[in-house]
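The values are calculated or read from the model by the stated rules, or taken from the named source; none is laboratory data. Everything numeric here is computed off the predicted structure, so don't read it as measured data. All Cβ positions, even for glycine, are placed from backbone atoms using ideal geometry, and neighbour counts span all protein chains on display.
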Amino acid sequence: MKDIMEPQIAASSISKNRSSDRKRGSGVKYVYDILRDEILDLVLPPGSQIDESQLAERLNMSRTPIREALVRLAGDGLVTTLPNRSTVVAQIDFLNLHHFFDAITLMYRVTTRLAGENRTEDDLRAIMAHQAAFVRAVEARDARAMLATNRDFHAAIGEAARNPYYQGLFLRLLDEGRRILRVYYSSFNDELPYPIVQEHEAIIAAIRARDIAACDQVAKAHADQIVAQIQAMLTRDRRMDIGL
């Protein structure tokens, strides 16, 4: 495995002037956004250490905004500070994954139902645009793009649902689930079967038709398929049959 701190953005490509010109607080967001995406996309695997000095050199920044960004990430449950004050990427809690599955399945169903009731034509166009981007990512076998566009597709449905409380919870679950979804994609070697694309299309069709029962049915089927695939992968018997 490559060094977990291998630069994703070359330090030489980041201008010192740009760093010094950032407004107060924007440097923290800059670091936070980079680390958050790398953690959620498993570029930084669970349990890997985050070295503040290496990160400061890589991003051409002082350690102050990096420390503040790590505090925010700790609040999100994405990093953990150990007793020796080192920081590591938080582990995925596979033992309690069923709670996450219950919550995300419910939110798929609720937001899709409400989107069927409340969507506008602009909402529908936005959902379809995100689906088109998802299809391109699937065809390119670009796992990071698949994660981002899948999240945006369902987030657009959450927006169309017109309930800010549901939307806030749904966005949190979608973001927390990106690491789990990365595991899901890996079970297909990042080559997703086309029926998964068709499941999204079925969701769009139900929302377009304002068919609430169909919205609930296709959203639940989509969630159930993902959950079943992840559970099967996690419980797969990997022992080899050795002749004696």
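Evaluate the range 212-231: report whether one residue or more is farther than 12 Å from Thr112 by Cβ and of a type in the set (Asp, Glu).
yes
Please enumerate the residues belonging to the range 137-156 that are closer than 16 Å to Ser187 by Cα and hydrophobic (A, V, I, L, M, F, W, C).
From the range 137-156, those closer than 16 Å to Ser187 by Cα are 138, 141-144, 146-147; that's our starting set.
Listed by number, the residues that qualify are Val138, Ala143, Met146, Leu147.
Sort out which residues of the range 124-155 are at pLDDT below 95, crowded, with 22+ Cβ neighbours inside 10 Å and among the aliphatic types (A, V, I, L, M), and write them in order of number.
Val138, Met146, Leu147
Tell me which residues, restricted to the range 53-66, are outside any loop (DSSP other than H, G, I, E, B), surrounded by fewer than 18 Cβ atoms within 10 Å (Cβ to Cβ) and either in contact (Cβ under 8 Å) with a residue 60 or more places away in the chain or not basic (Lys, Arg) (or both).
Those that are outside any loop (DSSP other than H, G, I, E, B), surrounded by fewer than 18 Cβ atoms within 10 Å (Cβ to Cβ) and either in contact (Cβ under 8 Å) with a residue 60 or more places away in the chain or not basic (Lys, Arg) (or both): Ser53, Gln54, Glu57, Thr64.
Which of (1) more than 15 Å from the chain's Cα centre (by Cα); (2) over 18 Å from Ile226 (Cβ atoms) does Ala103 not meet, given it meets every other one?
Of (1) more than 15 Å from the chain's Cα centre (by Cα); (2) over 18 Å from Ile226 (Cβ atoms), only one is false for Ala103: (2).
Scan the range 190-223 residue by residue and report those that are of a type in the set (Asp, Glu), under 21 Å from the mean Cα position of the chain (by Cα) and at pLDDT 95 or above. Break it down into steps so the answer makes sense when it comes.
Start the filter on the range 190-223 by keeping residues that are of a type in the set (Asp, Glu), which leaves 190-191, 199, 201, 211, 216.
Filter again for under 21 Å from the mean Cα position of the chain (by Cα), leaving 190-191, 199, 201.
Glu199, Glu201, listed by residue number.
Out of the residues in the range 69-100 meeting the condition of being part of a loop (DSSP other than H, G, I, E, B) and exposed (fewer than 14 other Cβ atoms within 10 Å of the Cβ), tell me which one is modelled with the lowest pLDDT.
Only one residue tops the list, namely Arg85.
So, Leu114, is that one at pLDDT 95 or above, in contact with a Lys or Arg (Cβ under 7 Å, 6 or more places away or on another chain) and hydrophobic (A, V, I, L, M, F, W, C) or not?
Working: at pLDDT 95 or above: yes; in contact with a Lys or Arg (Cβ under 7 Å, 6 or more places away or on another chain): yes; hydrophobic (A, V, I, L, M, F, W, C): yes.
Judged against the criteria, Leu114 is a match.
Any residue in the range 107-114 that is touching a strand residue (DSSP E or B) at 6+ places or on another chain (Cβ under 7 Å), surrounded by 13 or more Cβ atoms within 10 Å (Cβ to Cβ) and either outside the structural domain of Ala209 (by TED's automatic domain parsing) or among the polar types (S, T, N, Q) (or both)?
no
Got at least one residue in the range 174-188 being closer than 21 Å to Leu42 by Cβ, crowded, with 19+ Cβ neighbours inside 10 Å, small (Gly, Ala, Ser) and in the same structural domain as Glu121 (by TED's automatic domain parsing)?
Scanning the range 174-188 turns up at least one residue that is closer than 21 Å to Leu42 by Cβ, crowded, with 19+ Cβ neighbours inside 10 Å, small (Gly, Ala, Ser) and in the same structural domain as Glu121 (by TED's automatic domain parsing).
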